[in-house]
Amino acid sequence: MLGILDLLGTIGGNVLSLPGILGLALGMTTRNWVVAAILGGLVGVFETVVFAGFRFGDIGSLDLAIAVLVGVLAGSLGCAIRHRGATA
């Protein structure tokens, strides 16, 4: 079981890594909320698989869930930035 510092480190690492940055960038490329969320989630899955060395036995379910959640939120935030910037 992860401690609270490990959990916060995992969340912070994902926000500053591929799911956060690339998810935000991919979310800003589209104006469709669903597509932005799916792209962000896919980046989260891709990042987890790559950093596990393509060994699916080494992927923790909590790490994968956090990466996908951060990716979905970052993609949605990117889409919101695009919507707000287009209408302002």
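Of the listed requirements (1) in contact (Cβ under 8 Å) with a residue 60 or more places away in the chain; (2) of a type outside the set (Ser, Thr, Tyr); (3) open to solvent by less than 20 Å² (accessible area, probe 1.4 Å), Gly41 misses just one: (1). Scanning the range 43-69 for residues that are under 14 Å from Ile21 (Cα atoms) and among the charged types (D, E, K, R) turns up just one, Glu47. Checked across the range 57-74, the condition of being among the polar types (S, T, N, Q) and in a helix (DSSP H, G or I) holds for at least one residue. Pull up the range 40-56, narrow it to residues that are part of a helix (DSSP H, G or I) and closer than 20 Å to Asp6 by Cβ, then point me to the one that is farthest from the chain's Cα centre (by Cα). Looking at the filtered set, the residue picked out is Phe51.
Here's the yes/no breakdown for (1) in contact (Cβ under 8 Å) with a residue 40 or more places away in the chain; (2) of a type in the set (Val, Ile, Thr); (3) surrounded by fewer than 20 Cβ atoms within 10 Å (Cβ to Cβ):
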| position | (1), (2), (3) |
| --- | --- |
| Leu5 | no, no, yes |
| Gly20 | yes, no, no |
| Ala25 | yes, no, yes |
| Ala36 | yes, no, no |
| Phe54 | no, no, yes |
| Asp58 | no, no, yes |
| Ile66 | yes, yes, no |
| Gly71 | yes, no, no |
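Got at least one residue in the range 29-39 being within 19 Å of Leu7 (Cα to Cα), out of contact with any strand residue (DSSP E or B) (no Cβ under 8 Å at 6 or more places or on another chain) and not hydroxyl-bearing (Ser, Thr, Tyr)? Scanning the range 29-39 turns up no residue that is within 19 Å of Leu7 (Cα to Cα), out of contact with any strand residue (DSSP E or B) (no Cβ under 8 Å at 6 or more places or on another chain) and not hydroxyl-bearing (Ser, Thr, Tyr).
The values are calculated or read from the model by the stated rules, or taken from the named source; none is laboratory data. None of the values given here were measured: they were computed from a predicted structure. Ideal geometry is used to build each Cβ from the backbone, glycine not excepted, and the neighbour counts take in all protein chains shown. These area figures cover heavy atoms from the full protein model, side chains too; ligands, DNA and RNA do not enter into them. Shrake-Rupley method; radii C 1.70, N 1.55, O 1.52, S 1.80 Å.
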